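Report on the structure given below.
The values are calculated or read from the model by the stated rules, or taken from the named source; none is laboratory data. Only a predicted model underlies this, so the values are computations on that prediction, with no experimental measurement involved. Every residue, glycine as well, gets a Cβ built from its backbone with ideal geometry; the counts of neighbours run over all protein chains shown. Surface accessibility is based on the protein's heavy atoms, side chains included, excluding ligands, DNA and RNA. Shrake-Rupley method; radii C 1.70, N 1.55, O 1.52, S 1.80 Å.
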Amino acid sequence: MLTNQKHITFWNGEKMPIVGLGTWQSSREEIETAVNAALEAGYRHIDAAYNYLNEDVIGEVLQRWIEAGKVKREELFIVTKLPMIGNRPEDVEKFLKKSLVALRLDYIDLYLIHAPVGLIGKHDTDVFPHDDQGFAMIDMKTNLVNLWKSMENQVDAGLVKSIGISNFNEEQISRIINNARIKPANVQVELHVQFQQKSLREFCQKHELTICAYAPLGSPGRNDFYSKLGLKPPVAIPDLFHHPVVVKIAEKHKKSSTQILLRYLIELGVAVIPKSVNPERIHANFQVFDFSLSVVDMAQLGQLDQGEAGFTFDFSTFFKGMDKHPENPYPNRVKGIVL
(Lines give C-alpha, C1' and ligand atoms only; values in the text may rest on other atoms or scores of the structure.)
Protein backbone atom coordinates (compact mmCIF):
# COMPACT_ATOMS: atom_id res chain seq x y z
CA MET A 1 0.00 0.00 0.00
CA LEU A 2 1.09 3.58 -0.60
CA THR A 3 1.21 4.36 3.11
CA ASN A 4 3.46 7.42 3.07
CA GLN A 5 2.66 8.86 -0.33
CA LYS A 6 2.11 12.61 -0.07
CA HIS A 7 2.59 13.49 -3.75
CA ILE A 8 1.86 12.06 -7.14
CA THR A 9 4.55 12.52 -9.77
CA PHE A 10 3.78 13.56 -13.32
CA TRP A 11 5.58 12.12 -16.34
CA ASN A 12 7.57 15.39 -16.54
CA GLY A 13 8.82 15.06 -12.96
CA GLU A 14 6.54 17.71 -11.42
CA LYS A 15 5.01 16.64 -8.11
CA MET A 16 1.43 17.41 -7.08
CA PRO A 17 0.44 17.08 -3.40
CA ILE A 18 -1.97 14.17 -3.19
CA VAL A 19 -4.43 16.12 -1.00
CA GLY A 20 -5.70 19.50 -2.13
CA LEU A 21 -8.50 21.90 -1.34
CA GLY A 22 -11.47 21.93 -3.70
CA THR A 23 -13.07 25.35 -4.20
CA TRP A 24 -16.20 24.62 -6.28
CA GLN A 25 -19.44 25.94 -4.75
CA SER A 26 -17.44 28.20 -2.41
CA SER A 27 -18.78 31.73 -2.31
CA ARG A 28 -16.46 34.69 -2.35
CA GLU A 29 -17.20 35.20 1.33
CA GLU A 30 -16.42 31.59 2.21
CA ILE A 31 -13.32 31.10 0.10
CA GLU A 32 -11.04 33.43 2.10
CA THR A 33 -11.72 31.49 5.29
CA ALA A 34 -11.34 28.16 3.50
CA VAL A 35 -8.00 28.90 1.81
CA ASN A 36 -6.55 30.41 4.99
CA ALA A 37 -7.64 27.36 6.98
CA ALA A 38 -6.21 25.01 4.38
CA LEU A 39 -2.81 26.70 4.28
CA GLU A 40 -2.67 26.75 8.07
CA ALA A 41 -3.49 23.02 8.14
CA GLY A 42 -0.60 22.26 5.78
CA TYR A 43 -2.28 22.11 2.39
CA ARG A 44 -0.16 23.38 -0.47
CA HIS A 45 -2.38 22.20 -3.32
CA ILE A 46 -5.33 24.47 -4.16
CA ASP A 47 -7.72 23.49 -6.96
CA ALA A 48 -9.36 26.47 -8.64
CA ALA A 49 -11.19 27.20 -11.89
CA TYR A 50 -12.11 30.25 -13.93
CA ASN A 51 -15.68 28.92 -13.95
CA TYR A 52 -15.94 29.22 -10.16
CA LEU A 53 -15.60 33.03 -10.36
CA ASN A 54 -13.63 33.19 -7.11
CA GLU A 55 -10.01 33.09 -8.30
CA ASP A 56 -9.39 36.69 -7.27
CA VAL A 57 -10.21 35.97 -3.62
CA ILE A 58 -7.92 32.93 -3.68
CA GLY A 59 -5.23 35.15 -5.18
CA GLU A 60 -5.55 37.71 -2.40
CA VAL A 61 -5.01 35.03 0.25
CA LEU A 62 -2.05 33.51 -1.58
CA GLN A 63 -0.44 36.91 -2.00
CA ARG A 64 -0.79 37.68 1.71
CA TRP A 65 0.82 34.40 2.68
CA ILE A 66 3.69 34.82 0.22
CA GLU A 67 4.36 38.46 1.13
CA ALA A 68 4.32 37.60 4.85
CA GLY A 69 6.94 34.93 4.24
CA LYS A 70 4.62 32.20 5.54
CA VAL A 71 4.93 30.22 2.33
CA LYS A 72 7.11 30.36 -0.78
CA ARG A 73 5.54 30.34 -4.23
CA GLU A 74 7.49 27.24 -5.18
CA GLU A 75 5.97 25.38 -2.22
CA LEU A 76 2.47 25.90 -3.61
CA PHE A 77 0.78 23.81 -6.26
CA ILE A 78 -1.99 25.80 -7.89
CA VAL A 79 -4.41 24.25 -10.35
CA THR A 80 -6.92 26.15 -12.43
CA LYS A 81 -8.94 25.46 -15.54
CA LEU A 82 -9.81 26.85 -18.95
CA PRO A 83 -13.54 27.65 -18.98
CA MET A 84 -15.81 26.02 -21.52
CA ILE A 85 -16.44 29.46 -23.06
CA GLY A 86 -12.70 29.48 -23.84
CA ASN A 87 -12.56 26.15 -25.66
CA ARG A 88 -11.12 27.67 -28.82
CA PRO A 89 -7.39 27.79 -29.64
CA GLU A 90 -7.36 31.58 -29.96
CA ASP A 91 -8.94 32.02 -26.50
CA VAL A 92 -6.66 29.84 -24.36
CA GLU A 93 -3.97 32.45 -23.71
CA LYS A 94 -6.56 35.14 -22.96
CA PHE A 95 -8.36 33.13 -20.30
CA LEU A 96 -5.14 31.77 -18.83
CA LYS A 97 -3.80 35.30 -18.39
CA LYS A 98 -7.07 36.36 -16.77
CA SER A 99 -6.63 33.54 -14.25
CA LEU A 100 -3.00 34.51 -13.64
CA VAL A 101 -4.01 38.11 -12.92
CA ALA A 102 -6.82 37.03 -10.60
CA LEU A 103 -4.62 34.54 -8.75
CA ARG A 104 -1.75 37.06 -8.63
CA LEU A 105 0.70 34.49 -9.97
CA ASP A 106 3.35 34.41 -12.69
CA TYR A 107 2.63 30.79 -13.61
CA ILE A 108 0.14 27.98 -12.97
CA ASP A 109 1.41 24.59 -11.82
CA LEU A 110 -1.31 22.64 -13.64
CA TYR A 111 -3.72 24.07 -16.22
CA LEU A 112 -6.66 21.89 -17.23
CA ILE A 113 -9.24 22.01 -19.98
CA HIS A 114 -12.30 22.02 -17.71
CA ALA A 115 -14.51 20.00 -20.06
CA PRO A 116 -14.40 18.96 -23.74
CA VAL A 117 -17.61 20.75 -24.77
CA GLY A 118 -17.22 24.35 -25.93
CA LEU A 119 -19.72 27.07 -25.09
CA ILE A 120 -20.34 30.54 -26.53
CA GLY A 121 -20.57 33.19 -23.83
CA LYS A 122 -21.96 36.67 -24.31
CA HIS A 123 -18.99 38.04 -22.35
CA ASP A 124 -15.99 36.73 -20.43
CA THR A 125 -17.88 36.06 -17.19
CA ASP A 126 -20.86 34.42 -18.88
CA VAL A 127 -19.47 31.01 -17.96
CA PHE A 128 -22.77 29.10 -18.18
CA PRO A 129 -24.45 30.73 -21.19
CA HIS A 130 -28.04 29.80 -22.01
CA ASP A 131 -30.59 31.03 -24.54
CA ASP A 132 -34.11 32.21 -23.76
CA GLN A 133 -35.40 28.63 -23.87
CA GLY A 134 -32.87 27.47 -21.30
CA PHE A 135 -30.63 25.63 -23.75
CA ALA A 136 -26.87 25.93 -23.38
CA MET A 137 -25.16 28.12 -25.98
CA ILE A 138 -23.04 25.31 -27.39
CA ASP A 139 -20.12 25.79 -29.79
CA MET A 140 -20.52 22.88 -32.20
CA LYS A 141 -17.10 23.58 -33.75
CA THR A 142 -14.99 22.53 -30.73
CA ASN A 143 -11.75 20.98 -31.97
CA LEU A 144 -9.94 19.26 -29.12
CA VAL A 145 -6.72 18.57 -30.99
CA ASN A 146 -6.28 22.21 -32.02
CA LEU A 147 -7.29 23.31 -28.53
CA TRP A 148 -4.60 21.07 -27.04
CA LYS A 149 -1.94 22.56 -29.31
CA SER A 150 -2.79 25.95 -27.86
CA MET A 151 -2.46 24.48 -24.34
CA GLU A 152 1.01 23.25 -25.30
CA ASN A 153 1.94 26.77 -26.37
CA GLN A 154 1.31 27.98 -22.82
CA VAL A 155 3.93 25.54 -21.53
CA ASP A 156 6.36 26.85 -24.13
CA ALA A 157 5.66 30.40 -22.94
CA GLY A 158 6.41 29.48 -19.33
CA LEU A 159 2.91 30.42 -18.16
CA VAL A 160 2.13 26.88 -16.99
CA LYS A 161 4.33 23.99 -15.84
CA SER A 162 1.99 21.14 -16.69
CA ILE A 163 -1.24 20.73 -18.64
CA GLY A 164 -4.08 18.29 -18.37
CA ILE A 165 -7.76 17.60 -18.94
CA SER A 166 -10.94 17.21 -16.93
CA ASN A 167 -14.15 15.33 -17.65
CA PHE A 168 -12.76 13.73 -20.82
CA ASN A 169 -13.55 10.13 -21.76
CA GLU A 170 -10.95 7.56 -22.79
CA GLU A 171 -11.47 8.07 -26.52
CA GLN A 172 -10.96 11.82 -26.16
CA ILE A 173 -7.88 11.34 -24.00
CA SER A 174 -6.46 8.91 -26.59
CA ARG A 175 -7.03 11.47 -29.32
CA ILE A 176 -5.09 14.07 -27.35
CA ILE A 177 -2.23 11.67 -26.58
CA ASN A 178 -1.96 10.55 -30.21
CA ASN A 179 -1.66 14.14 -31.41
CA ALA A 180 0.26 15.64 -28.51
CA ARG A 181 3.70 17.15 -28.53
CA ILE A 182 3.37 17.60 -24.76
CA LYS A 183 1.11 14.91 -23.38
CA PRO A 184 -1.34 15.45 -20.50
CA ALA A 185 0.07 15.19 -17.00
CA ASN A 186 -3.19 14.76 -15.12
CA VAL A 187 -6.83 13.84 -15.65
CA GLN A 188 -9.41 15.21 -13.21
CA VAL A 189 -12.70 13.31 -13.01
CA GLU A 190 -15.49 12.35 -10.64
CA LEU A 191 -14.16 9.44 -8.61
CA HIS A 192 -15.28 8.07 -5.25
CA VAL A 193 -15.86 4.75 -3.53
CA GLN A 194 -19.12 4.07 -5.41
CA PHE A 195 -17.71 5.27 -8.76
CA GLN A 196 -14.15 4.01 -8.86
CA GLN A 197 -13.46 4.42 -12.60
CA LYS A 198 -11.48 1.17 -12.84
CA SER A 199 -11.26 1.20 -16.62
CA LEU A 200 -10.08 4.81 -16.68
CA ARG A 201 -7.53 4.16 -13.92
CA GLU A 202 -6.10 1.24 -15.88
CA PHE A 203 -6.04 3.33 -19.05
CA CYS A 204 -4.23 6.19 -17.31
CA GLN A 205 -1.70 3.88 -15.69
CA LYS A 206 -0.91 2.41 -19.11
CA HIS A 207 -0.29 5.90 -20.54
CA GLU A 208 1.56 7.30 -17.48
CA LEU A 209 -1.19 9.77 -16.67
CA THR A 210 -2.05 10.68 -13.09
CA ILE A 211 -5.60 11.10 -11.80
CA CYS A 212 -7.17 13.63 -9.47
CA ALA A 213 -10.58 12.80 -7.99
CA TYR A 214 -13.15 15.52 -7.63
CA ALA A 215 -16.15 14.69 -5.41
CA PRO A 216 -14.02 12.10 -3.53
CA LEU A 217 -16.64 12.21 -0.75
CA GLY A 218 -19.58 12.06 -3.16
CA SER A 219 -20.13 15.85 -3.08
CA PRO A 220 -23.04 15.82 -0.59
CA GLY A 221 -23.23 19.63 -0.75
CA ARG A 222 -24.77 19.35 -4.20
CA ASN A 223 -28.20 18.83 -2.67
CA ASP A 224 -28.18 22.45 -1.47
CA PHE A 225 -26.58 23.56 -4.74
CA TYR A 226 -29.35 22.04 -6.84
CA SER A 227 -31.99 23.39 -4.45
CA LYS A 228 -30.70 26.96 -4.82
CA LEU A 229 -30.92 26.61 -8.61
CA GLY A 230 -34.46 25.31 -8.35
CA LEU A 231 -33.37 21.98 -9.80
CA LYS A 232 -33.99 18.42 -8.75
CA PRO A 233 -30.80 16.32 -8.43
CA PRO A 234 -30.53 14.07 -11.51
CA VAL A 235 -29.68 11.16 -9.21
CA ALA A 236 -29.69 10.66 -5.47
CA ILE A 237 -26.44 12.11 -4.10
CA PRO A 238 -24.80 9.21 -2.26
CA ASP A 239 -24.44 9.32 1.52
CA LEU A 240 -21.03 7.70 1.70
CA PHE A 241 -20.34 8.89 5.25
CA HIS A 242 -22.92 6.56 6.77
CA HIS A 243 -22.34 3.49 4.63
CA PRO A 244 -22.00 0.61 7.12
CA VAL A 245 -18.78 -0.70 5.56
CA VAL A 246 -17.17 2.75 5.74
CA VAL A 247 -18.41 3.32 9.29
CA LYS A 248 -17.07 -0.06 10.46
CA ILE A 249 -13.62 0.57 9.00
CA ALA A 250 -13.60 4.08 10.48
CA GLU A 251 -14.39 2.73 13.94
CA LYS A 252 -11.62 0.16 13.59
CA HIS A 253 -9.02 2.83 12.83
CA LYS A 254 -10.53 5.44 15.19
CA LYS A 255 -10.90 7.76 12.22
CA SER A 256 -13.85 9.52 10.61
CA SER A 257 -15.71 8.13 7.61
CA THR A 258 -14.40 11.09 5.62
CA GLN A 259 -10.81 10.18 6.40
CA ILE A 260 -11.41 6.56 5.37
CA LEU A 261 -12.95 7.61 2.05
CA LEU A 262 -10.00 9.89 1.27
CA ARG A 263 -7.39 7.40 2.47
CA TYR A 264 -8.83 4.70 0.20
CA LEU A 265 -8.31 6.81 -2.92
CA ILE A 266 -4.87 7.92 -1.76
CA GLU A 267 -3.81 4.29 -1.43
CA LEU A 268 -5.00 3.75 -5.00
CA GLY A 269 -2.54 6.49 -6.00
CA VAL A 270 -5.30 8.98 -6.79
CA ALA A 271 -5.06 12.63 -5.70
CA VAL A 272 -8.09 14.03 -3.86
CA ILE A 273 -9.49 17.55 -3.61
CA PRO A 274 -12.22 17.48 -0.95
CA LYS A 275 -14.15 20.73 -0.81
CA SER A 276 -15.09 22.33 2.49
CA VAL A 277 -15.44 25.82 3.91
CA ASN A 278 -15.45 24.60 7.51
CA PRO A 279 -11.98 25.05 9.10
CA GLU A 280 -12.37 22.00 11.35
CA ARG A 281 -13.35 19.76 8.45
CA ILE A 282 -10.60 21.21 6.26
CA HIS A 283 -8.08 20.33 8.96
CA ALA A 284 -9.54 16.84 9.48
CA ASN A 285 -9.46 16.12 5.73
CA PHE A 286 -5.70 16.59 5.83
CA GLN A 287 -5.17 14.14 8.71
CA VAL A 288 -4.91 11.09 6.47
CA PHE A 289 -1.18 10.36 6.51
CA ASP A 290 -0.84 8.77 9.96
CA PHE A 291 -2.58 5.48 9.21
CA SER A 292 -3.02 2.99 6.41
CA LEU A 293 -5.74 0.59 5.35
CA SER A 294 -5.26 -3.16 5.45
CA VAL A 295 -5.62 -5.45 2.45
CA VAL A 296 -8.98 -6.52 3.86
CA ASP A 297 -10.09 -2.89 4.29
CA MET A 298 -9.14 -2.12 0.72
CA ALA A 299 -10.97 -5.17 -0.60
CA GLN A 300 -14.14 -4.31 1.32
CA LEU A 301 -14.10 -0.72 0.09
CA GLY A 302 -13.36 -1.92 -3.42
CA GLN A 303 -16.57 -3.94 -3.37
CA LEU A 304 -18.61 -0.75 -2.88
CA ASP A 305 -17.97 0.24 -6.49
CA GLN A 306 -21.20 0.48 -8.49
CA GLY A 307 -19.45 0.89 -11.81
CA GLU A 308 -21.12 3.28 -14.24
CA ALA A 309 -24.26 3.32 -12.09
CA GLY A 310 -22.24 5.27 -9.51
CA PHE A 311 -21.79 8.23 -11.87
CA THR A 312 -23.58 11.32 -10.51
CA PHE A 313 -22.25 14.43 -12.29
CA ASP A 314 -24.69 14.61 -15.19
CA PHE A 315 -23.69 17.79 -17.04
CA SER A 316 -26.93 17.87 -18.98
CA THR A 317 -28.55 19.07 -15.75
CA PHE A 318 -26.64 22.34 -16.15
CA PHE A 319 -26.23 22.33 -19.92
CA LYS A 320 -29.51 21.41 -21.55
CA GLY A 321 -28.82 20.22 -25.06
CA MET A 322 -25.22 19.19 -24.40
CA ASP A 323 -26.02 15.68 -25.58
CA LYS A 324 -26.17 17.09 -29.11
CA HIS A 325 -22.53 18.23 -29.00
CA PRO A 326 -20.09 15.97 -30.90
CA GLU A 327 -17.68 16.11 -27.94
CA ASN A 328 -20.23 15.21 -25.26
CA PRO A 329 -17.94 13.06 -23.08
CA TYR A 330 -20.72 10.85 -21.73
CA PRO A 331 -22.91 9.91 -24.71
CA ASN A 332 -24.00 6.67 -23.04
CA ARG A 333 -24.68 8.10 -19.60
CA VAL A 334 -28.00 9.68 -18.75
CA LYS A 335 -28.67 10.72 -15.17
CA GLY A 336 -26.12 8.30 -13.82
CA ILE A 337 -27.42 5.31 -15.81
CA VAL A 338 -25.54 3.66 -18.65
CA LEU A 339 -27.61 3.12 -21.80
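Values computed for the structure shown
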{"item": "Accessible area in the full protein assembly, largest first, 1.4 Å probe, for Lys149, Lys81", "result": "Lys149, Lys81"}
{"item": "Shape of region 113-226, Cα gyration tensor, a/c cut at 1.5", "result": "oblate"}
{"item": "Potential extension, Lys320-Glu308 segment - 0.36 nm per residue separation minus Cα distance", "result": "2.2 nm"}
{"item": "The chain - accessible surface per residue (Å², probe 1.4 Å)", "result": "43 Å²"}
{"item": "With all protein chains modelled, accessible area of Thr33 [1.4 Å, Å²]", "result": "70 Å²"}
{"item": "Three-way shape label, region 23-159, alpha-carbon gyration tensor, a/c 1.5", "result": "oblate"}
{"item": "Calculated on alpha-carbon atoms, Rg and Dmax of region 150-215 in Å", "result": "12.4, 40"}
{"item": "Debye equation applied to the C-alpha atoms of the chain, log10 I(q)/I(0) at 0.08, 0.09, 0.13 Å⁻¹", "result": "-0.35, -0.45, -1.01"}
{"item": "Virtual spin-label span in nm between Phe135 and Leu53, 7 Å along Cα→Cβ", "result": "2.4 nm"}
{"item": "Calculated FRET value between Asn179 and Glu202, using beta carbons and R₀ = 25 Å, to 0.05", "result": "0.70"}
{"item": "Fraction of beta bridges assigned by DSSP in the chain that are antiparallel (%, nearest 5)", "result": "25 percent"}
{"item": "Check: region 138-215 dipole with +1 on Lys, Arg Cβ and -1 on Asp, Glu Cβ, in debye", "result": "120 debye"}
{"item": "Estimated FRET transfer efficiency when R0 is 41 angstrom, pair Val247-Asp156 (beta carbons, to 0.05)", "result": "0.25"}
